[in-house]
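Beneath this line is the structure, given in structure tokens, with notes to follow.
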Amino acid sequence: MEYRFGRSLKPFRRPLLWSGLWCAAIAAVVIGSLVSPAGLPLPEVRNGDKLLHLSAYFALAAWAVQLFPRWSSLLGAGIGLVLMGIGVEYAQGALTVDRMMDARDALANTLGVIAGLGTQLTPWRDALLKFDSRGMR
């Protein structure tokens with residue numbers, strides 16, 4: 001049996017690129033959650049930060065849908081993202097002086113993950129695979 005990088009991924013031509021971008025996005029969310037909020041543009045809406053949390057975790061989970069073909073893999077990614085969101089909230093309270101832990105942010109993160117995983121049920125679940133396979137003919 002031949003080893004293939006990303007065996008749990010969809011059959012991409014460039015699996016390292018797409019999974020690497022997902023990992024970079026995860027790192028960006030973690031770093032963005034732990035840096036000082038001074039100077040960060042926040043939406044001028046009530047609970048705008050919750051909208052940012054929901055959107056970021058929606059995007060991460062929706063990207064996981066683009067990467068992984070099986071529900072078991074998606075469930076693992078989803079649980080990992082939820083745990084990451086809870087961990088980041090804890091880290092904000094424990095490791096920073098100008099951020100605080102907020103259970104409502106963790107809830108927004110979780111709702112974003114659930115909504116993002118829900119994209120598996122849409123026709124767009126294979127959009128990245130179709131994009132990646134363009135020009136193969």
Original post:
Can you work out the FRET efficiency for the pair residue 101 and residue 7, with r the C-beta to C-beta distance and R0 = 30 Å, to the nearest 0.05?
Top reply: 0.20
Original post:
Can you tell which of 32, 78, 118 shows the greatest fluctuation in a Gaussian network model of the chain with Cα springs below 10 Å?
Top reply: 32
**OP:** Could you give the DSSP H helices of the chain that reach 30 angstrom or more along their long axis (alpha carbon positions) and whose average Kyte-Doolittle hydropathy is no lower than -0.5?
**Re:** 71-95
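Using the reciprocal of the averaged 1/r over all distinct C-alpha pairs, how large is the Kirkwood radius of segment 51-137 in Å?
Working: mean 1/r = 0.0726 Å⁻¹.
The Cα-based Kirkwood calculation yields 13.8 Å.
Once you keep just the Cα pairs under 8 angstrom separated by 6 or more residues, what percentage relative contact order results for the chain?
On the way: 144 pairs, mean separation 46.4, N = 137.
Contact order relative to length: 34 percent.
Read-outs: derived from the displayed coordinates by stated rules, not from any lab. This structure is a prediction, so every number in the text was calculated from the model and none was measured. Glycine gets a Cβ as well: all are built from the backbone with ideal geometry, and neighbour counts include every protein chain shown.
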